[in-house]
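Down below is the structure, laid out as structure tokens.
The values are calculated or read from the model by the stated rules, or taken from the named source; none is laboratory data. In this text, all values refer to a predicted model and were calculated from it rather than measured experimentally. Because the Cβ atoms are built from the backbone with ideal geometry, glycine has one as well, and the counts that use them run over all protein chains shown. Note: accessible area is taken over every heavy atom of the protein model, side chains too, but ligands, DNA and RNA are not part of it. Shrake-Rupley method; radii C 1.70, N 1.55, O 1.52, S 1.80 Å.
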Amino acid sequence: MELLTKAPKGTADIVPGASEKWQVMESVFRNEAELNGFSEVRTPVFEHTELFLRGMGDTTDVVEKQMYTFEDKGGRSITLRPEGTAGAVRAMLENGLYNAGYPVKMYYSIPCYRYEKPQAGRFREFRTFGVELFGAAEPAADAQIIAMGVSALRRLGLEDVSVQLNSIGCPDCRKEYHKALKEYFTAHKEQLCQTCLSRLDRNPMRILDCKNPACQEIAKAAPKITDYLCEDCRAHFEKVQSYLTKLGIEFELDPGLVRGLDYYTRTVFEFPSKSLGYALGGGGRYDGLVEELGGNPTPALGFGMGLDRIMAALEQKNTEFPAPNRCEVYVASIGEKALEKAMELVDSLHKCGIAADCDLCGRGLKAQMKYANKVGASYTLVLGDEEIEKNSADLKNMKTGETKRISLGESFTDDYLTASTAQNDLSI
Ligand code: HAM
């Protein structure tokens with residue numbers, strides 16, 4: 001029976017009461033993205049497994065250990081998306097969005113799936129808000145993407161989130177760096193975990209991102225990519241930093257930051273929360289990914305924000321969210337005829353965009369009024385035989401207790417608007 005009443009490990013419901021807070025949080029990200037000219041893209045929850053193998057790199061933790069992969073009834077290998085970037089690139093190419101000219105700017109707010117060991121801030125289903133910007137090679141684009149992330153986090157009041165910044169160069173400068181890393185880690189081979197040993201030849205940079213404490217310890221003294229950047233990558237990185245400084249965005253350089261996915265080139269960044277001790281988001285440039293997935297060479301970059309983690313950060317600092325207006329007017333009724341009228345009035349209020357409700361549970365008047373209070377109705381109407389007969393009723397302001405007689409006939413919504421606006425004016 002437990003299987004029926006317990007959500008799978010690493011997943012959680014966002015129930016009424018919490019979902020309103022999520023909507024507020026998401027609306028800040030959506031608005032920030034739209035202020036910067038980004039439009040929403042909606043891609044499938046599952047994609048061909050190949051997309052992620054090619055996109056994220058087959059030596060990454062996500063691909064090696066965490067993907068929800070299955071064969072569908074047609075014998076295709078399908079994977080629940082572990083992140084949003086690969087799907088966004090595929091959608092950009094498949095729909096020829098580049099035909100309208102660059103830059104192409106998109107955002108998404110999506111659930112993602114990774115088979116992780118659930119712990120604080122780490123779930124198997126989690127939500128990310130991501131932005132992807134295609135066709136912009138200039139360092140100004142890197143700075144703007146980082147600024148967008150910072151701006152949204154600040155608007156949410158998350159002041160203790162910083163920016164960690166690094167450049168991991170291009171495939172050219174990385175060749176030399178890989179050589180140096182391989183040499184270094186080979187000398188410490190005995191201490192590396194099995195996964196890192198297998199990465200030593202294929203992708204030594206991944207060892208820098210290993211979660212195993214022994215590997216992390218060795219990684220501390222490993223050669224730093226920033227000592228191997230080519231002239232172009234160095235100049236690009238310096239310009240990104242100078243733009244950020246001009247925009248008043250503080251950042252910390254972290255030469256050990258390599259990110260957990262293989263597609264990154266040049267600028268990479270994370271937004272760690274000091275109080276929670278983990279990153280709320282991260283991203284970077286991925287100038288080779290569009291070509292890797294079958295498109296023309298296209299510079300691109302973006303970020304992904306972990307919305308579950310951001311909600312945890314907001315809750316930790318007891319952020320107050322505006323109370324949702326679930327019911328402005330409650331129309332109570334006594335008897336069948338009155339209920340019919342109440343339903344009609346509620347319907348006409350909805351058509352004017354006013355949140356209204358009536359009894360759906362066969363309750364008596366006292367219980368209905370208790371409910372009206374519980375849902376925070378600003379106004380109530382009580383309909384009984386007398387009100388139906390006279391086709392008018394007293395609109396009660398629940399805060400002040402004042403009442404105003406209004407018609408239940410054709411002029412009902414106009415009367416309501418006048419009566420309630422008058423009350424609102426008084427309260428301002
Ligand atoms: P990522 O760093 O793997 O990057 O994930 C982005 C954010 O999602 C993380 O910073 C974290 O807040 C959150 N996150 C990741 N895994 C989990 C999890 N298991 N449970 C809860 N939250 C999690 C990406 O996915 C890239 N696609 C970001 C990007 C977009 N880069 C360029 N464009």
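Pairs 65/189; 182/220; 179/211; 224/317; 6/366; 6/370: which are spaced more than 26 Å apart, C-alpha to C-alpha?
224/317; 6/366; 6/370
Along the positive direction of the dipole of the chain (beta-carbon charges: Lys, Arg +1; Asp, Glu -1; about the Cα centre), which of 75, 11, 225 reaches farthest?
Among 75, 11, 225, the one farthest towards the positive end of the dipole of the chain is 225.
Compute, for segment 41-194, the length of the dipole vector about the Cα centre, with Cβ point charges of +1 (Lys, Arg) and -1 (Asp, Glu) only. Units Debye, rounded to 20.
That gives a dipole near 260 debye.
Residue 418 label point, 7 Å along Cα→Cβ, cut-off 18 Å on backbone N: hits in segment 356-395?
Residues 391-395 fall inside that zone.
To make sure I understand the rule: partners must be lysines, Cα under 21 Å from the Cα of residue 390, and not fewer than 8 residues away in the same chain. Which ones qualify?
Once the sequence-local lysines are set aside, what remains near residue 390 is 337, 341, 404.
Using R₀ = 35 Å, calculate the FRET efficiency as 1/(1 + (r/R₀)^6) where r is the Cβ-Cβ separation of residue 65 and residue 242; round to 0.05.
So, using R0 = 35 Å, E works out to roughly 0.35.
Taking the Cβ-Cβ separation of residue 72 and residue 4 as r and a Förster radius of 25 Å, what is the calculated FRET efficiency to the nearest 0.05?
With a Förster radius of 25 Å, E is 0.50.
Roll a 1.4 Å probe over the protein chains and send me the accessible area per residue for the chain in Å².
Here the per-residue accessible area is 51 Å².
Heavy atoms only, probe 1.4 Å: what % of the accessible area of segment 139-236 goes to carbon and sulfur, would you let me know?
Carbon and sulfur: 51 percent of the exposed surface of segment 139-236.
Taking the Cα atoms only, what angle lies between the long axis of helix 336-351 and the longest principal axis of the chain, rounded to 10 degrees?
Rounded to the nearest ten degrees, it is 50.
Mind checking which of 115, 248, 149 is farthest towards the positive end of the chain's charge dipole, using Cβ charges of +1 (Lys, Arg) and -1 (Asp, Glu) about the Cα centre?
Value computed over the given set: 115.
What part of the accessible area of segment 240-395, given as a whole %, is carbon or sulfur when the probe is 1.4 angstrom?
With neighbouring chains kept in place, the figure for segment 240-395 is 49 percent.
If I take R0 = 45 Å and measure r between the Cβ atoms of residue 366 and residue 319 in this structure, what FRET efficiency does the formula 1/(1 + (r/R0)^6) give, to the nearest 0.05?
0.80
Kindly express, to the nearest 10 degrees and within the range 0 to 90, the angle between helix 231-246's C-alpha long axis and the longest C-alpha principal axis of the chain.
Tilt relative to the chain: about 30 degrees.
Hey, how much of the P(r) for segment 162-314 falls beyond 18 Å, as a percent of Cα pairs?
62 percent
Using only the Cα atoms of the chain, build the gyration tensor, take square roots of its eigenvalues as a ≥ b ≥ c, and label the shape rounded, prolate or oblate: rounded if a/c is under 1.5, else prolate if a/b is larger than b/c, else oblate.
It comes out prolate by the Cα gyration axes.
Residues of segment 133-175 with the amide nitrogen closer than 14 Å to a label point 7 Å from the Cα of residue 253, along Cα-to-Cβ, please.
Answer for this model: 164-169.
What is the angle, in °, between the Cα long axis of helix 307-316 and the longest principal axis of the Cα atoms in the chain? Nearest 10 is fine, range 0 to 90.
70 degrees
What value in Å³ per residue do you get for the convex hull of the alpha-carbon atoms in segment 281-369?
Taking the convex hull of the Cα positions in segment 281-369, it is 220 Å³ per residue.
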